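Here is the structure we will look at.
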Amino acid sequence: MPDDRPPVFVSFMRFVGRYAIAIALIPVGVALGVGGLIQFAVRQWRRKPPARAHDGGA
Amino acid sequence: METHSRPTHSYEQASVLFSGGTDSALAAVEMLKSCRKVTLLTFDPGYIFFVENSRVHADALILKYGADRVEHVIRPIKDIVGRILFADVKKDLKTYGFDMTALVCMGCRLSMHTATIIHNLEHGIPVMADGSIEKQSAIPEQRQAVIEANRKRYLDQYGILHVSPIYSERESDVKLFAEGVSPKENLKKQFIFFDTQATCIFGVPADVYARMFYKPLMGASTDIQSVDYCKERHPLMQGVIEAYFTSRGADLPALVARLRSMHGQSESTVDA
């Protein structure tokens, strides 16, 4: 039966690359998320309150 | 109709949006229970790597069910992505700001839907399926509200039934291994580099943004935003589809009518 496992070097590089990319990109995601939160808060703050219905007649 | 529904009756043929991961592969297995033939559609938007990995599960499905029941197509869609996801990046950033970190996946998925609709109309396939799951509903394109809004539109406008047959599934890797399709049992534990699917350069930030911020902290407003984003993209999708068939001299309304006529025809000859 043929051995279809990748060479040890390839497996090792994938293992290292996986964590290296995660370490580099997770902070990017978190930073963008913090930016998104601030953006969300600002939009909520700027939103005009709904107009109040008038009581009674015209 | 519920998001996790399967087709209500058997069809001759369906297409499956196929990344090669365990969810889309299990979705294909489910569709093969009610359809005689399934076309696995893998799309290359131009910014993913190792797209050939999708062949692992595709080849396993072909081996198990036969080449007469399963076919695999890898299709480049860089041009479509350019006209849908990257149509007006400046305007998108102004409108959605940081939320584009997550919505980029939505735009990519809509580009894939456009290519699938074209394929289905061209080949007379009335059903499209994907491997969307509730567990990943932080990501806009796998939200129930988004899936249902798109499903209604695709059926009304193109006569294509869109189903997500494994929506409530939580362990597709274990199930796929048990079905004898997957080479390993715990493929869901892989990240960034996968044995059976491509790696997307937007993937990690999008995932972190969606899981940590977009869904849990911003709540239901993200559902509305995602559905609005889709509505905004629909005319662009329609434009791409019309341009494709016009350039080939094909009659789009006739192709839509052909697919519409296929719904409701129960095909009892399909093996379960």
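A few remarks follow.
- Restricting region B:168-220 to residues that are more than 9 Å from chain A (Cβ to nearest Cβ) and among the hydroxyl-bearing types (Ser, Thr, Tyr), the residue that is surrounded by the most Cβ atoms within 10 Å (Cβ to Cβ) is B:Thr196.
- Screening B:Asp251 against (1) modelled with pLDDT of 95 or more; (2) of a type in the set (Asp, Glu); (3) surrounded by 18 or more Cβ atoms within 10 Å (Cβ to Cβ) leaves a single unmet condition, (3).
- Every residue from region B:35-57 that is small (Gly, Ala, Ser) and out of contact with any Phe, Trp or Tyr (no Cβ under 7 Å at 6 or more places or on another chain): B:Gly46
- Exactly one residue out of B:Val73, B:Val89, B:Val81, B:Val38 is without any contact (Cβ under 8 Å) to a residue 12 or more places away in the chain and either under 19 Å from B:Ile201 (Cα atoms) or not aromatic (Phe, Trp, Tyr) (or both), and it is B:Val89.
- Residues of region B:186-220 satisfying the condition of being touching a helix residue (DSSP H, G or I) at 6+ places or on another chain (Cβ under 8 Å) and of a type in the set (Ser, Thr, Tyr): B:Thr196, B:Tyr209, B:Tyr214
- Residue check, B:Ile80 crowded, with 16+ Cβ neighbours inside 10 Å, farther than 20 Å from B:Ser132 by Cα and β-branched (Val, Ile, Thr): yes
- Whichever residue in region B:61-70 is farther than 17 Å from B:Gly131 by Cα and touching a residue at least 12 places away in the same chain (Cβ under 8 Å) and, among such residues, is surrounded by the fewest Cβ atoms within 10 Å (Cβ to Cβ): B:Asp68
- Of all the listed residues (B:Gln144, B:Gln157), the sole one being in contact (Cβ under 8 Å) with a residue 24 or more places away in the chain, open to solvent by 20 Å² or more (accessible area, probe 1.4 Å) and closer than 23 Å to B:Glu30 by Cα is B:Gln144.
- Residue in region B:160-167 that is under 28 Å from B:Gln13 (Cα atoms) and within 14 Å of chain A (Cβ to nearest Cβ) present: no
- Residue tally, condition away from chain A (no Cβ under 14 Å) and out of contact with any Asp or Glu (no Cβ under 8 Å at 6 or more places or on another chain), over region B:73-106: 14
- Residue identified as open to solvent by 10 Å² or more (accessible area, probe 1.4 Å) and not hydroxyl-bearing (Ser, Thr, Tyr) among B:Asp92, B:Asp88: B:Asp88
- Failed item in (1) in contact (Cβ under 8 Å) with a residue 12 or more places away in the chain; (2) within 14 Å of chain A (Cβ to nearest Cβ), with B:Val227 passing the rest: (2)
The values are calculated or read from the model by the stated rules, or taken from the named source; none is laboratory data. Because the structure is a prediction, the values reported are computed rather than measured. Methodologically, a virtual Cβ is constructed for each residue, glycine included, from the backbone with ideal geometry; neighbour enumeration extends over all protein chains shown. To get the accessible areas, we keep the full protein, side chains included, count just its heavy atoms, and leave off ligands, DNA and RNA. Shrake-Rupley method; radii C 1.70, N 1.55, O 1.52, S 1.80 Å.
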